[in-house]
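Student: Okay, handing you the structure first.
Every number here is computed from the coordinates shown, using simple stated rules; none is lab data. In this text, all values refer to a predicted model and were calculated from it rather than measured experimentally. Cβ atoms come from the backbone with ideal geometry, glycine included; neighbour counts cover every protein chain shown.
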Amino acid sequence: MTKALINMPRIYKQLLIASTDAIMLVSILFLAFSIRLGYWYWPDEDLLWVIFGAPVIAIPIFIVFDLYHGIVRFLGLRTLWAVVQAVSLYGLIWGIIGFMTAIDGIPRSVIMINWLLAIVGIGGARMLARWLLSDDLIRGRKNVLIYGAGSSGRQLAEALSQSSEYKPVAFIDDQKDLIKQSLNGIRIYTDAALPDLINKYQIQEVLLALNTPSKQKYNQIINRLENFPVHLRILPSVSELAQGKVKIGDLREVNIDDVLGREKVGPNWSLLHTDIEDKVVMVTGAGGSIGSELCRQILNLGANKLILFEQSELALYNIDKELNKHKGVVYPILGSVTDQTRLERVCQKFSVETIYHAAAYKHVPMVEFNSTEGVTNNIFGTLNCAQAAINSKVKTFVLISTDKAVRPTNTMGATKRSAELVLQALAKHQNSTRFSMVRFGNVLDSSGSVIPLFRQQIQQGGPVTVTDKAIVRYFMTIPEAVELVIQAGAMAHGGEVFVLDMGEPIKIFDLAVKMIHLSGLSVKDKENPDGDIEIRITGLRPGEKLFEELLIGDNVNKTKHPMIMMAQEDRLSWQQLNKVLEQMQTALDACDQSQLRELLVNIVPGFKPQCGIEDILYRDY
């Protein structure tokens with residue numbers, strides 16, 4: 001019945017409400033006379049016309065006050081106030097007309113009674129209809145808890161009251177003065193009541209709505225909720241919302257960076273602008289995770305021109321399309337860092353002043369299976385970029401390095417440390433280009449990282465695969481890492497290795513558990529055989545190690561930025577390094593992986609291969 005009313009054409013709804021009002025107004029007048037006289041009253045013919053003519057007076061007034069254009073199931077206080085105003089005007093006009101017609105038998109008190117009853121009747125009928133129609137929608141809604149009874153939580157609860165999807169049944173808050181209070185009929189509890197509330201109301205989702213949350217606060221709440229089989233959704237802080245108005249559409253999934261992200265340290269704006277503002281900047285590997293974020297921030301910092309250098313046509317197309325509004329500033333260039341001639345042509349054509357070298361093969365097992373290409377791209381690609389920069393008189397060159405370059409156990413890490421050695425040697429060998437390197441760990445949601453893999457495995461129902469239960473990694477968000485890279489490069493004088501403060505390392509197994517719980521699911525194991533998602537230990541992959549480091553030695557200096565350190569590490573001269581590079585090129589030309597492995601071990605102190613040579617072209621199949 002109620003669904004039929006909701007789906008009825010708008011004009012029919014308005015006619016139905018107007019007809020109901022007309023019948024009610026006539027009935028109220030009969031009731032007003034009966035109350036005043038103390039018995040059921042039926043007037044004579046003249047007075048009868050005045051009573052039955054009441055809708056003729058009232059309906060036009062109600063139309064003027066917009067009482068037939070509101071959606072009944074979404075009525076609020078403004079509509080009730082409009083009802084009071086419209087009924088008051090109607091009551092006044094009806095009373096005046098009654099007296100002007102000089103009809104005997106209209107006591108003055110009837111006018112007052114009619115006014116009061118009409119307000120109650122017309123307003124009450126609409127609120128009753130709102131309740132009945134909304135109640136039909138409520139039956140299909142999910143019960144949810146709102147964590148946070150501040151202004152964001154209150155606005156969210158108000159928005160949800162009109163929703164067909166969620167029904168807020170309780171607030172959770174840690175402010176003692178709010179506990180046991182009610183907001184719009186919804187009780188406020190401490191988080192100690194979570195188990196009882198979840199069981200009582202069969203809660204499947206908890207909505208986080210905090211006014212000014214810190215990462216630490218989010219961590220505390222999420223860790224608390226992690227023990228319950230509930231799905232978490234989050235409302236951004238009020239400062240993040242477009243117009244300060246909380247909407248249901250602002251709710252989003254709780255991302256793992258909400259849990260792992262640290263409190264951000266404000267940037268040094270002068271450092272951010274030093275190598276970018278009004279300059280021509282080139283980013284190699286512009287379509288990758290780090291490269292694309294570099295491009296976004298470089299444009300925001302006011303680069304004169306931005307050169308997107310990328311070997312993947314699809315990746316270049318995607319980042320160029322995203323930055324399409326910056327036509328005349330952004331130039332997409334297809335090319336490989338193994339082609340020094342093209343690199344020099346690009347640098348000289350645009351008079352490039354700053355290069356951020358993010359192009360590299362970074363996936364550890366993939367480089368292990370293709371070690372010759374790893375050496376070609378990561379070592380000689382970096383050498384080509386550096387020599388192109390020197391020959392083109394590029395002022396600043398910043399290499400994006402990795403924590404896997406420290407005491408590497410895999411080919412990828414060894415090639416990245418070799419790339420650092422190349423730039424350190426060239427920094428002393430010439431003085432036209434200022435070279436520096438920035439070393440950091442894993443970034444959240446980068447291509448090939450573990451988090452997108454876990455998310456995909458959870459969506460598919462598992463299992464989630466972890467190589468070793470004890471494996472740990474550092475994590476940082478991509479925007480934070482890029483912002484720090486730009487600032488670090490601006491502090492360089494030549495040859496420095498900067499190391500970003502990555503915070504505390506995270507156990508990958510614990511990360512998998514947390515991601516499963518954040519999805520509202522439970523881990524399936526011996527203790528919980530009826531769980532949803534299994535975590536399967538697969539063993540370390542070729543070249544993988546249990547933990548990563550950021551420093552080769554203990555010699556590290558502070559910088560202007562508290563999140564950026566400067567490592568003091570051994571270097572090779574260009575003469576020493578060049579001899580090894582020539583031998584590497586000879587081994588590459590001969591596809592001699594054994595010689596390549598030996599040269600990498602010799603050039604990179606601390607390189608202890610975790611596995612044998614796994615290159616697909618080397619092994620017998």
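Student: What's the center-to-center distance, using Cα atoms, between segment 170-202 and segment 438-496 in Å?
Tutor: Segment 170-202 and segment 438-496 have Cα centres separated by 37 Å.
Student: Need the list of lysines near Lys217 for cross-linking: C-alpha distance under 16 angstrom, and skip anything on the same chain fewer than eight residues off.
Tutor: Lys264
Student: Right, something else. Classify segment 468-551 from the C-alpha gyration tensor, please: rounded if a/c falls under 1.5, else prolate or oblate depending on whether a/b exceeds b/c. Write out the running numbers ahead of the final one.
Tutor: Numbers: a/c = 4.36, a/b = 2.24, b/c = 1.95.
It comes out prolate by the Cα gyration axes.
Student: Only sites in a loop by DSSP and with at most 15 other Cβ atoms within 10 Å count here; which GluC sites (Glu not before Pro) in segment 494-602 make the cut?
Tutor: Values: sites: Glu496, Glu527, Glu534, Glu544, Glu548, Glu549, Glu569, Glu582, Glu598; in loops: Glu527, Glu544, Glu548, Glu549, Glu569.
Loop-located and lightly packed - Glu527.
Student: Further question on the same structure: Quick one: what are the phi-derived ³J(HN,Hα) couplings along segment 596-612, Karplus 6.51/-1.76/1.60 with θ = phi - 60°, whole Hz, x for glycine and proline?
Tutor: Values per residue, Gly and Pro as x: 4, 4, 5, 5, 5, 5, 6, 7, 10, x, x, 6, 10, x, 7, 9, x Hz.
Student: How much length is gained on full extension from Glu205 to Ser351, taking 0.36 nm per residue of separation minus their Cα-Cα distance?
Tutor: On the way: separation 146, 0.36 × 146 = 52.56 nm, distance 5.50 nm.
My answer for the length gained is 47.1 nm.
Student: Right, another one. Loop-only trypsin sites (Lys or Arg not before Pro) in segment 167-213, please: DSSP not H, G, I, E or B, and at most 15 other Cβ atoms within 10 Å. Spell out each step's value before the answer.
Tutor: Numbers: sites: Lys176, Lys180, Arg187, Lys200; in loops: Lys180.
Listed in order of number, the matching sites are Lys180.
Student: Please tell me which of these pairs span more than 22 angstrom C-alpha to C-alpha: Lys507/Lys560; Lys167/Lys200; Lys393/Lys428; Lys200/Lys524?
Tutor: Too far apart for the 22 Å limit: Lys507/Lys560; Lys200/Lys524.
Student: Can I ask one more? Multiply the residue separation of Ala590 and Tyr317 by 0.36 nm, subtract the distance between their alpha-carbon atoms, and state the gained length in nm to one decimal.
Tutor: Net length gain for the segment: 94.8 nm.
Student: In nm, to one decimal, how far is the modelled label at Tyr39 from the one at Arg536, with both set 7 Å along Cα→Cβ?
Tutor: Result: 9.0 nm between the two label points.
Student: Something else now. Residue by residue through segment 149-156, which ³J(HN,Hα) values in whole Hz follow from phi under the Karplus form 6.51 cos²θ - 1.76 cosθ + 1.60 (θ = phi - 60°), with glycine and proline marked x?
Tutor: 9, x, 5, 5, x, 5, 5, 5
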